[in-house]
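S.K.: So that we are looking at the same thing, I have put the structure below in structure tokens.
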Amino acid sequence: MTVRDANFADIPQIADLLVEAHGRSRYAGTDVQVDVRETKALLSRSIQRHGGEHIGSTLVLVAQRDSFVTGVLLGVLDRILGIGTRMVASDIFFICSPLVEPRDPERMLETFESWALQNPNVFEILLGAHDAVVDPERVARLYERRGFRRCGYLFKKEKP
């Protein structure tokens with residue numbers, strides 16, 4: 001069990017993990033697919049910006065079991081609401097395979113939180129618990145154990 005910074009060699013396995021997660025998601029069986037080429041491009045750009053302290057900087061973490069990537073957290077720094085004078089650290093996605101070591105998701109979250117909180121320009125960390133792949137209440141319990149509190153709701157309306 002290992003949580004570590006992602007590297008370029010991880011990109012194919014991360015893309016595979018995201019495709020596998022899509023198969024478990026509410027998007028499976030629809031015309032929504034994972035654009036693997038764009039996924040790999042996003043990961044490449046994000047790994048290039050990994051660990052920075054400015055708007056657009058990212059943190060890309062993987063959980064690894066044996067030689068397989070079993071989880072990924074992609075976080076980003078942005079202005080609060082896109083216009084604020086301070087930054088928010090948020091997740092683009094935080095996905096784990098059923099094979100992930102039980103403590104690795106919390107280890108990834110702890111590393112992300114540490115990265116964000118050490119930055120004096122980060123005002124808050126904003127995380128989502130979306131129903132796309134897993135039960136959002138399960139994810140919410142992880143966040144709450146780490147001291148996060150609920151701050152609103154997500155709403156969706158699918159195109160008929």
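The values are calculated or read from the model by the stated rules, or taken from the named source; none is laboratory data. A quick note: this is a predicted structure, and the numbers were derived from the prediction, not measured. Cβ coordinates were reconstructed from backbone atoms using ideal geometry, including for glycine residues, and neighbour counts include every protein chain displayed. Calculation scope for accessible area: heavy atoms of the full protein, side chains included, ligands and nucleic acids excluded. Shrake-Rupley method; radii C 1.70, N 1.55, O 1.52, S 1.80 Å.
S.K.: Given 25 °C and 0.890 mPa s, how large is the Stokes-Einstein diffusion coefficient of the chain in µm²/s, with Rh as the Kirkwood radius over Cα pairs?
M.R.: D, rounded to a whole number, is 150 µm²/s.
S.K.: Relative contact order for the chain: what percent, with Cα pairs under 8 Å and sequence separation of 6 or more? If you can, show how the numbers build up before the last one.
M.R.: On the way: 232 pairs, mean separation 33.7, N = 160.
Dividing the mean separation by the residue count of the chain yields 21 percent.
S.K.: If you don't mind, another one. Multiply the residue separation of Lys156 and Ala28 by 0.36 nm, subtract the distance between their alpha-carbon atoms, and state the gained length in nm to one decimal.
M.R.: 44.4 nm
S.K.: Moving on. Based on the Cβ-Cβ distance of Arg65 and Thr85, what FRET efficiency does E = 1/(1 + (r/R0)^6) give at R0 = 41 Å, to the nearest 0.05?
M.R.: Step by step, r from the Cβ atoms, then E = 0.50.
S.K.: Give me the number: length gained by fully extending Asn7 to Arg37, i.e. 0.36 nm times residue separation minus the C-alpha to C-alpha distance, one decimal in nm. The partial results should precede the final answer.
M.R.: Working: separation 30, 0.36 × 30 = 10.80 nm, distance 1.70 nm.
9.1 nm is the gain from fully extending Asn7 to Arg37.
S.K.: Could you order Val72, Val19 by accessible surface area, starting with the largest, using a probe radius of 1.4 Å?
M.R.: My answer, sorted largest first, is Val19, Val72.
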